[in-house]
Amino acid sequence: TFDQAFPTFAEQGEYWVVKSAQVSVQGLFAATPTSKGMVMLTGISISGSFMQNHKLVIGPMVGGHVSWDAQVVLVGFPSTFDTGGFGVVRFDAQVSVVGAA
């Protein structure tokens with residue numbers, strides 16, 4: 001990682017990814033059928049004062065949902081949701097690959 005830390009999420013559960021006065025990010029870690037028993041990030045929750053305390057929750061692909069302030073958004077495929085100044089959330093066939101850090 002960028003800070004040379006080696007975090008290990010060996011058990012399923014919710015863990016803080018970022019916790020500060022301005023930013024709160026929690027990750028949901030679970031084993032999936034495709035992860036061969038390994039725990040991986042399956043959902044994420046983002047909130048904090050930098051978003052005027054709005055909350056975006058992205059649940060697991062199977063059985064989960066995407067919500068903004070506890071209201072389910074991105075119901076169909078493809079779909080788009082405008083957060084009203086904090087960005088646009090999309091569920092579509094466009095994939096962006098994150099490069100090496």
Discussion item. Let's test the formula: R0 of 35 Å, r as the Cβ-Cβ distance of Thr32 and Gln71. What FRET efficiency results, to the nearest 0.05?
Written reply: 0.85
Worksheet, complete the sentence: Computed from the beta carbon distance with a Förster radius of 30 Å, FRET efficiency for Ser49 and Ala10 to the nearest 0.05 stands at 0.40
Worksheet entry | 5 angstrom amide H check on Val73, placed H, neighbours 5+ away | Val66, Ser67, Trp68
Item to complete: Please say if segment 13-82 is rounded, prolate or oblate, where rounded means a/c under 1.5 for a ≥ b ≥ c the square roots of the C-alpha gyration tensor eigenvalues, and otherwise the choice is prolate for a/b larger than b/c and oblate otherwise?
Response: oblate
Discussion item. With θ taken as phi - 60° and the coefficients 6.51, -1.76 and 1.60, list the Karplus ³J(HN,Hα) couplings across segment 48-55 in order, rounded to whole Hz; mark glycine and proline as x.
Written reply: x, 5, 5, 10, 6, 6, 5, 9
Fill in: Amide H partners (placed H, <5 Å) of Lys55, local residues excluded
Asp69
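We did not get these values from a lab; they are worked out from the coordinates using the rules stated. The structure displayed is predicted, hence computed values, not measured ones. Counting neighbours? That spans all protein chains shown, and the Cβs are built from the backbone with ideal geometry, glycine included.
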